[in-house]
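Chemist: My structure is below; once you've seen it, I'll send some questions.
The values are calculated or read from the model by the stated rules, or taken from the named source; none is laboratory data. Because the structure is a prediction, the values reported are computed rather than measured. Reconstructed Cβ throughout: ideal geometry from the backbone, glycine too, with neighbour counts over all protein chains shown.
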């Protein structure tokens, strides 16, 4: 790594497992203090202990970021505890697949709330702190939005999930343009299929078909995406990695 994160603070949403947990551990290993945000406190406590075991510092924040008040409070609690906010990783998300014709609309509501509104609420609350941090010694601050290959390549059964990820892509690029001259780097990470619990949220009848589709596929690991995010935020301040698509070897998508 060209740049250590010692003295910085990172807030990671969806930090109770998968990409979020792996990213929190990776950033902590580089010296960042970590605000861990998710709904499952017991899982966050476990990640925090793993961070402390490697000499890192972590703050557990059990919050539902689909509630604007809780999202803003998570940001403020992180800043009050550590004194600044240098990196935000908007990772929280849910993937509920299936044909649009028979889909429970409640699933669409959940995806829009978590994947889109939660990201917007965290970003809105964090921006003033990130802009302030960008004027500090490090000379930059980072927003990392975790999207998906589905935001580029919609497939049957992923209509609304792909809609949420395409929306994240558009928001990320527009925001990048807005703050580009103020030293806040805004980056989009688009993972292909990753072996996480994301698939377990799918209805059983849809899950069976999804498992068959991916039965012989190579899947990425959460650590692969965490490594990518860590690479992005440890570049020199002059380097902006605006968009990274990460596919597994042999992917046809």
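Chemist: Which of the residues spanning region 142-159 are surrounded by fewer than 16 Cβ atoms within 10 Å (Cβ to Cβ) and at pLDDT 95 or above?
Modeler: Passing the criteria: none in range.
Chemist: With respect to residue 77, is the statement that it is surrounded by fewer than 16 Cβ atoms within 10 Å (Cβ to Cβ) and more than 16 Å from the chain's Cα centre (by Cα) true?
Modeler: Criteria not met by residue 77.
Chemist: Please go through region 206-252 and give me each residue that is at pLDDT 95 or above and part of a loop (DSSP other than H, G, I, E, B), ordered by number.
Modeler: 221, 234, 235, 236, 237, 238, 239, 240, 241, 242 - these are the residues of region 206-252 that are at pLDDT 95 or above and part of a loop (DSSP other than H, G, I, E, B).
Chemist: For region 161-189, give me the residue count where each residue is assigned to a helix (DSSP H, G or I) and surrounded by 22 or more Cβ atoms within 10 Å (Cβ to Cβ).
Modeler: Narrowing region 161-189 to residues assigned to a helix (DSSP H, G or I): 161-182.
From the residues that got through so far, the ones that are surrounded by 22 or more Cβ atoms within 10 Å (Cβ to Cβ) too are 161, 164-165, 168, 172.
Count: 5.
Chemist: Sticking with this one: With respect to the numbered conditions (1) closer than 20 Å to residue 42 by Cβ; (2) modelled with pLDDT under 95, which one is the sole condition not fulfilled by residue 58?
Modeler: Of (1) closer than 20 Å to residue 42 by Cβ; (2) modelled with pLDDT under 95, only one is false for residue 58: (2).
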